[in-house]
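What follows draws every value from the coordinates through simple rules; no lab data is involved. Note that the structure is predicted; figures quoted are calculated from it, not measured. Cβ atoms come from the backbone with ideal geometry, glycine included; neighbour counts cover every protein chain shown.
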Amino acid sequence: MKFINQKYVSNKDKLNNQFKSAKPFPYLVLNDFFITLDKVKKELLKEKFTAYNSDLFQFSQTVDMQNTKNKTLKEFHGFFSSKVFIKFVSEITGKKLNSIDMSGFIYRDTDYLLPHDDRLEGRKIAYIINFSDLSAKDGGKLQLFKNKKVVKSIVPKFNSFVIFEVSKDSLHQVEEIKSNKNRITLAGWFHAN
C-alpha cells in the first residue's frame, strides 16, 4: 500500500459508510489519495493517445495500461491491480472485486462524454484518478444525475481518486471542456464475476 496516503488505509469503515450513504448513488471523492503522482503523470503523457469521436463522446485514450512498456506505468498498474489494493477497494465499497482495467484519457477543448450508466457485464465500480487541476469554469466536471438532472458536480483536482458504483442508477457524464486546459486521467473499472 506504499502508493496510498495512510490516512485512508486506516479509515476503511468510515469510508465504507460515506460511500454507501452518498447521493444520488454510492460514490467517494478521496483527495490527496496517492503519495505522489507527478512521475506517473509525466510518464502517462509520453504514451500514445488516440482520438475517438462518436455521438456519445469525444476524447483521446491510450491502450489498457496492462499493455504499456513504460516501467513507471507498469509499476503503478501492478499496484492498482494487486490483490491487496483490490481488497482495499472491496472493503470500502462492500463489493467483492477481482480485477481492473485502466486506460489514460485526455479531454481537450470541446471534448465531452454524454450521460451513460457504464453497465456492461462484470463492471461493478468505476474509478477516475485525476491528474489535472481544473476550475468550475474550465468544464470537465464529473456530473452525477438523478431523475435526468445533474445533482452533483465534481471538479477535477490533481491527485483525487473518485469511485462510484455501477448500476441502473449510476447515470453520469463528463461535462464538455470549455477552456484550453486538459482533463487528464487514468480511469476504468473494478470488475467482479
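On a full-extension model of 0.36 nm per residue, what is the gain between Met1 and Ser179, subtracting their alpha-carbon distance, rounded to one decimal in nm?
Additional length available on full extension: 60.5 nm.
For the stretch 6-191, take the convex hull of the Cα atoms, compute a quarter of its surface area, and give me that in nm², please.
10.1 nm²
Divide by every residue of the chain the summed helix terms, -39500 (n - 2.57) for each DSSP H run of at least 4, and state the resulting mean residue ellipticity at 222 nm, rounded to the nearest 500 deg cm²/dmol.
Per the formula, -6000 deg cm²/dmol.
Report the extension gain between Val84 and Lys69 in nm, rounded to one decimal, defined as 0.36 nm multiplied by the number of residues separating them, less their alpha carbon distance.
Additional length available on full extension: 3.1 nm.
Over 29 Å between C-alpha atoms is what I'm after, so list which of Lys12/Lys41; Lys7/Lys168; Lys39/Lys96; Lys14/Lys69 land there.
Over 29 Å apart, Cα to Cα: Lys7/Lys168; Lys39/Lys96; Lys14/Lys69.
Describe numerically, in nm with one decimal, the distance between label points set 7 Å from Cα along Cα→Cβ at Val9 and at Val151.
3.6 nm
Taking loop as defined by DSSP and a crowding limit of 16 other beta carbons within 10 Å, which trypsin sites (Lys or Arg not before Pro) in the stretch 30-67 fit?
Those that pass, being in a loop and sparsely packed, are Lys46, Lys48.
Which whole-angstrom value gives the distance between the alpha carbon centres of the stretch 50-103 and the stretch 166-193?
Computed from Cα coordinates, the inter-centre distance equals 12 Å.
Quick one: if you stick a label point 7 Å off each Cα along the C-beta vector at Lys39 and Asp169, how many nm between them?
Result for the modelled spin labels: 4.1 nm.
Can you tell me how much longer the chain between Glu91 and Phe158 gets when fully stretched, taken as 0.36 nm per residue apart minus their C-alpha distance, in nm with one decimal?
Result for the pair: 21.7 nm of gain on full extension.
Grab the other residues whose beta carbon is less than 12 angstrom from that of Thr72, score K and R as +1, D and E as -1, and report the net.
The answer is +3.
Suppose R0 equals 45 Å. What FRET efficiency, 1/(1 + (r/R0)^6) with r the Cβ-Cβ distance, do Ser21 and Lys48 give to the nearest 0.05?
Taking R0 as 45 Å, the efficiency between Ser21 and Lys48 is 0.65.
Scaled to the compact-protein estimate 2.2 N^0.38 Å, what is the alpha-carbon radius of gyration of the stretch 50-111, rounded to two decimal places?
1.38
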